[in-house]
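Just below is one structure, and these are the notes that go with it.
The values are calculated or read from the model by the stated rules, or taken from the named source; none is laboratory data. Keep in mind it's a predicted model, so treat the numbers as computed, not measured. All Cβ positions, glycine included, derive from the backbone under ideal geometry; neighbour counts span all protein chains shown. Note: areas computed on protein heavy atoms with side chains; ligands, DNA, RNA excluded. Shrake-Rupley method; radii C 1.70, N 1.55, O 1.52, S 1.80 Å.
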Amino acid sequence: MSNRKPKGAKPAAKAGTVTQRQLRASEMIRHALVEVMRENEIRDPALTGVSITVTEVRLSPDLKHATCFVEPLGAGIETDPVAGHVDEIVKALNVHAKFLRGALGRHIEMRFTPDLRFRHDVSFAAAERLNRILDNPRVQADVFRVPVEDDTPEPDPQAARSTVGPGKAS
């Protein structure tokens, strides 16, 4: 037996890498899911009057499972009625995932319509935390420190001259 690979075989992708096919399919699913949620009203008290942003969709390598990251509009604002109810909204989306999958299957052209799992997207909270850190006056003092003219040493004119002139050996 030979250890040679078949002629058309591609090298296996490293674990954790996302293929171009996964990226293309996940973006197509994200756009279609937004259309499905816009067109179909889900009758659930937790979802009534809530606008949901689908920020990202991640597909499994076999394209059969999709993790959809969502952010309810206004969830980060304390005075908004959605604030504090993010877990209920995500739970309601997961309850209605089969309905959304069926409607999604009519919008996309794939061999299989992936199973949908909804998760809250925490990247907005992480970005806000990072902005608060960068807005801290102590951090600002380090980031935007103005150089003082007296701090930089001036070059020594004697060191710039060569001790070996033309035609002289050292």
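Observations, loosely collected:
- Among (1) open to solvent by 60 Å² or more (accessible area, probe 1.4 Å); (2) part of a loop (DSSP other than H, G, I, E, B); (3) modelled with pLDDT of 90 or more; (4) in contact with a helix residue (DSSP H, G or I) (Cβ under 8 Å, 6 or more places away or on another chain), the one test that T113 misses: (1)
- Qualifying position, being modelled with pLDDT under 80 and either part of a helix (DSSP H, G or I) or touching a Ser or Thr at 6+ places or on another chain (Cβ under 9 Å) (or both), among V146, V139, V70: V139
- The stretch 99-110, residues that are small (G, A, S) and surrounded by 14 or more Cβ atoms within 10 Å (Cβ to Cβ): A103, G105
- Filtered by the rule that a residue be open to solvent by less than 50 Å² (accessible area, probe 1.4 Å), more than 14 Å from L116 (Cα to Cα) and either of a type in the set (V, I, T) or assigned to a strand (DSSP E or B) (or both), the stretch 24-54 gives I42, V50, I52.
- Near pairs, Cβ below 9 angstrom, 6+ apart or cross-chain, from the stretch 122-133 (on the phi < 0 side of the Ramachandran plot) to any residue that is modelled with pLDDT under 85 and not aromatic (F, W, Y): F124/A75; F124/G76; A125/G76; E128/G76; I133/V139
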